[in-house]
1. Search the range 77-98 for residues that are more than 17 Å from LEU162 (Cβ to Cβ) and pair each with any residue that is part of a helix (DSSP H, G or I) and basic (Lys, Arg) when their beta-carbon atoms are under 7 Å apart and the residues are at least 6 apart or on different chains.
2. Answer yes or no: is there a residue in the range 140-150 that is farther than 26 Å from ASN6 by Cα, out of contact with any strand residue (DSSP E or B) (no Cβ under 8 Å at 6 or more places or on another chain) and not in a loop (DSSP other than H, G, I, E, B).
3. Does GLU241 satisfy being of a type in the set (D, E, K, R) and under 26 Å from ALA184 (Cα atoms)?
4. Going through the range 93-107 one residue at a time, which ones are part of a helix (DSSP H, G or I), surrounded by fewer than 21 Cβ atoms within 10 Å (Cβ to Cβ) and either among the β-branched types (Val, Ile, Thr) or away from ligand 2 (no atom under 16 Å from the Cβ) (or both)?
5. Scan the range 210-232 and report the pairs whose first residue is at positive phi and whose second residue is within 15 Å of ligand 1 (Cβ to nearest atom) and part of a loop (DSSP other than H, G, I, E, B), with Cβ atoms within less than 8 Å and a gap of 6+ or a chain change.
6. Between a first residue in the range 160-184 that is in contact (Cβ under 8 Å) with a residue 40 or more places away in the chain and away from ligand 2 (no atom under 16 Å from the Cβ) and a second residue that is of a type in the set (Val, Ile, Thr) and assigned to a helix (DSSP H, G or I), which pairs have beta carbons less than 7 Å apart while being 6 or more apart in sequence or on different chains?
7. Quick one: SER155 ticks every box in (1) within 16 Å of ILE212 (Cβ to Cβ); (2) within 16 Å of ligand 2 (Cβ to nearest atom) except a single one, so which number is it?
Amino acid sequence: MNSYHNHCNWSDGAHEMRDMYRAAREAGFREFGLSDHYVKTPFGDNEITAYSIDKSKLAEYVDACLACKKEFETDTFTVRLGMEVDYFPENAEEVVSELLKYPFDYLIGSIHFSNEFPIDHTAACWEALPPGGIDEIWHDYWKKIRLAAESGLYSFIGHLDLPKKFCFYPSYDYTDEALAALKAIKAASIAMEINTAGWAKPCKSAYPSRNILKAAHELGIPMLISADAHDTRHVARFFPEAEECLREAGYTAFTCTFENMKRR
Ligand SMILES: [Zn+2]
Ligand SMILES: [Zn+2]
């Protein structure tokens with residue numbers, strides 16, 4: 001069992017880095033990576049982007065991860081260093097080249113914003129959208145996922161179909177847009193994840209939904225299982241359910257390895 005998408009209190013996680021690695025080792029993972037948020041927006045920092053690590057402490061974050069590698073690794077447990085990076089087409093190259101000065105094993109490309117709209121912040125943000133606004137966010141989201149994949153900057157793409165979190169679904173069928181994004185992921189030879197955190201959110205559904213997982217399998221996209229844990233109690237949350245979903249989509253458990261992830 002491996003997992004590469006998790007957070008500690010260097011960003012918006014509840015627990016300390018050491019406690020997360022300890023919990024992962026105790027839960028029986030063979031490999032575990034923290035991937036705290038790195039959020040550099042084209043519009044500046046605000047109270048919503050505070051879920052990022054302190055960007056001036058990047059070197060300290062990496063040092064802390066490397067110290068955990070020394071402390072927690074055993075013959076049967078490997079510590080990986082990652083980062084969940086917010087993708088913005090305006091600055092993606094610059095942000096990733098800054099991160100690549102450090103020895104990260106992988107970078108996750110995620111979309112949490114549509115321009116300045118915070119997709120997974122609150123239901124109230126969605127309720128306040130003008131008519132047509134929900135569809136616009138969805139259109140933009142799939143386009144940004146496609147662009148993030150096409151950029152070739154990331155090892156895998158995070159939580160596809162995140163805009164469903166608060167159950168504000170679009171009025172149109174986004175199958176073609178999602179397929180275009182999946183084809184870009186395939187063309188870039190990168191991976192994606194089934195992110196189990198969605199099962200604990202209002203949408204009560206893993207990211208992405210089953211039809212997208214099935215299409216991903218048909219395209220031959222490597223699939224990882226991630227809990228996106230922000231808490232030591234959640235490091236392996238819903239993993240059996242995720243394996244079942246992946247089996248239904250045609251995947252086998254052994255596709256979920258570090259080796260299928262494009263490394264930096
Ligand atoms: Zn995320
Ligand atoms: Zn995350």
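1. So the pair list comes out as PHE77/ARG25; VAL79/LYS69.
2. No.
3. For GLU241, the condition - of a type in the set (D, E, K, R) and under 26 Å from ALA184 (Cα atoms) - is not met.
4. We begin by selecting, within the range 93-107, every residue part of a helix (DSSP H, G or I); these are 93-99.
Next, only the ones that are surrounded by fewer than 21 Cβ atoms within 10 Å (Cβ to Cβ) stay: 93-94, 97-99.
Matches in the range 93-107: GLU93, GLU94, SER97, GLU98.
5. ASP228/HIS5; ASP228/HIS7; ASP228/GLY158; ASP228/HIS159
6. Once the first residue is in contact (Cβ under 8 Å) with a residue 40 or more places away in the chain and away from ligand 2 (no atom under 16 Å from the Cβ) and sits in the range 160-184, its partners that are of a type in the set (Val, Ile, Thr) and assigned to a helix (DSSP H, G or I) give PHE168/ILE134.
7. The failed condition is (1).
Every read-out reported here was derived from the displayed coordinates using simple, explicitly stated rules and does not represent laboratory data. Since we're looking at a predicted model, the values are computed, not measured. Heads up, the Cβs are rebuilt from the backbone with ideal geometry, glycines too, and the neighbour counts pull from every protein chain shown.
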